């Protein structure tokens, strides 16, 4: 039984190793037409808000990004912000059209970030220069209580992309389907505290990485 398990484990490792090794990475030296925004960020915090239509107050997590366009051109901005747990749950950034959560945060940070923006209404262009630095809050609903670690993925901070072949899907011509990946900021955190006491839990920073996703 033990021998069978070891052989199975080895087979899985040998299968995924080439895929991991072949995964594209962002350029070490960006090309002449590539840009990446300068980014600073707060540690994720939680906020509990009474959302209309919900019986109980809802818990949310958020970070604030400070972005500066240090290139010599105005750049397009089409972000995608996901939260991934180590239990394989994917949570997209919260987009509340009533702006209830954002309004609470804007009031909380009015002295520190007087021009704080919501991801939902951020617009699609970031102008060049320090004078056009922007502060944006990204909000996620609470995630799986069983999770011990999470990763935040913020895409749209760079125009670097790469196309790779899908490992199984094919197009109408029978050729491998193409997947387009964007340079993405990955922030990893561990979760401290008892899962039954989520209101007292905090997130501890582990590492930052730029990946193609």
Out of (1) in contact with a strand residue (DSSP E or B) (Cβ under 9 Å, 6 or more places away or on another chain); (2) surrounded by fewer than 20 Cβ atoms within 10 Å (Cβ to Cβ); (3) farther than 29 Å from residue 47 by Cβ, the one residue 183 does not meet is (2)
Quiz prompt | Test for residue 90: is it within 16 Å of the chain's Cα centre (by Cα) and either surrounded by fewer than 15 Cβ atoms within 10 Å (Cβ to Cβ) or closer than 26 Å to residue 148 by Cβ (or both) | solution = yes
- Message: Taking the criterion of being more than 26 Å from residue 188 (Cβ to Cβ), in contact with a strand residue (DSSP E or B) (Cβ under 6 Å, 6 or more places away or on another chain) and modelled with pLDDT under 90, would at least one residue in the range 40-51 satisfy it?
- Response: yes
| said: Quick check on residue 135: is it farther than 16 Å from residue 82 by Cβ, within 20 Å of the chain's Cα centre (by Cα), surrounded by fewer than 19 Cβ atoms within 10 Å (Cβ to Cβ) and modelled with pLDDT of 95 or more? | reply: yes
Residues of the range 78-98 being under 16 Å from residue 46 (Cα atoms), at pLDDT 90 or above and in a loop (DSSP other than H, G, I, E, B), in sequence order, are 93
Here, strands (runs of 3 or more DSSP E) confined to the range 121-213 with at least 1 residues that are touching a residue at least 12 places away in the same chain (Cβ under 8 Å) and under 29 Å from residue 104 (Cα atoms) are 134-141, 149-155, 176-192, 202-212
All conditions in (1) over 30 Å from residue 160 (Cβ atoms); (2) over 21 Å from the mean Cα position of the chain (by Cα) are true of residue 101 except (2)
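Quick grid of which residues meet (1) at pLDDT below 90; (2) over 30 Å from residue 110 (Cβ atoms):
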position	(1), (2)
5	yes, yes
27	yes, yes
30	yes, yes
35	no, yes
53	yes, no
- Item | Any hit, the range 99-112, residues being in contact with a helix residue (DSSP H, G or I) (Cβ under 9 Å, 6 or more places away or on another chain), surrounded by fewer than 17 Cβ atoms within 10 Å (Cβ to Cβ) and over 22 Å from residue 203 (Cα atoms) | yes
If we ask which residues in the range 187-212 are surrounded by fewer than 16 Cβ atoms within 10 Å (Cβ to Cβ) and modelled with pLDDT of 95 or more, their number turns out to be 6
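The values are calculated or read from the model by the stated rules, or taken from the named source; none is laboratory data. Computed from a predicted structure; not experimentally measured. Methodologically, a virtual Cβ is constructed for each residue, glycine included, from the backbone with ideal geometry; neighbour enumeration extends over all protein chains shown.
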